[in-house]
Amino acid sequence: MFTALRRNIIKMFREFLVYHNSSLEFRAKIMTLMVSSNGEISECEKQTLKEIAYSTYSEDHERAELLIATINEYHDKILTNNGLDFEHLIQIVAKEVRESKRFHTKIDIPLLMKLHECVEEDDDEDRLFQMRIIEFLENLKEEYGEAA
């Protein structure tokens with residue numbers, strides 16, 4: 001119970017309590033783009049998100065859990081139309097990469113491709129939509145990576 005309470009407090013005040021919070025939130029936003037593209041997070045995506053989070057923050061499991069919680073929070077906001085929708089999230093990601101050039105390094109295309117592998121082979125529409133998201137992120141990475 002104490003762990004859940006602690007996690008909720010950190011979640012509410014992560015902007016102040018979490019070291020390099022903006023970096024963690026940016027990673028959460030780009031992964032949310034992938035998992036929210038079809039409106040739901042599949043079991044495969046949940047497992048892959050967990051693997052990505054723990055490989056990204058292999059030295060800090062609490063931070064990995066916070067990344068997963070932040071992705072779920074953004075996903076829920078999109079589903080409930082609670083101050084965030086998918087198009088707005090795309091705009092936020094583009095704006096953050098423009099404003100903070102170091103964020104282009106946080107766009108890890110091979111990790112995003114792992115999430116793309118979770119889309120069923122016969123679901124051409126979702127596969128295409130996710131590929132467009134990956135292409136968009138690749139373009140951001142290339143454009144602002146060269147500017148850095």
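The values are calculated or read from the model by the stated rules, or taken from the named source; none is laboratory data. Keep in mind the model is a prediction, meaning the values are calculated, not measured. Counting neighbours? That spans all protein chains shown, and the Cβs are built from the backbone with ideal geometry, glycine included. Keep in mind that these areas ignore ligands, DNA and RNA; they rest on the heavy atoms of the full protein, side chains included. Shrake-Rupley method; radii C 1.70, N 1.55, O 1.52, S 1.80 Å.
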Quote the charge dipole size of region 32-115 about the Cα centre in Debye, to the nearest 20; the model charges only the Cβ of Lys and Arg (+1) and of Asp and Glu (-1). 380
Considering only protein heavy atoms, what per residue accessible area in square angstrom results for region 20-148 with a 1.4 angstrom probe? 53
Is the shape of region 41-148 rounded, prolate or oblate, going by the alpha carbon gyration tensor and its root eigenvalues a ≥ b ≥ c, with a/c under 1.5 for rounded and a/b larger than b/c for prolate? rounded
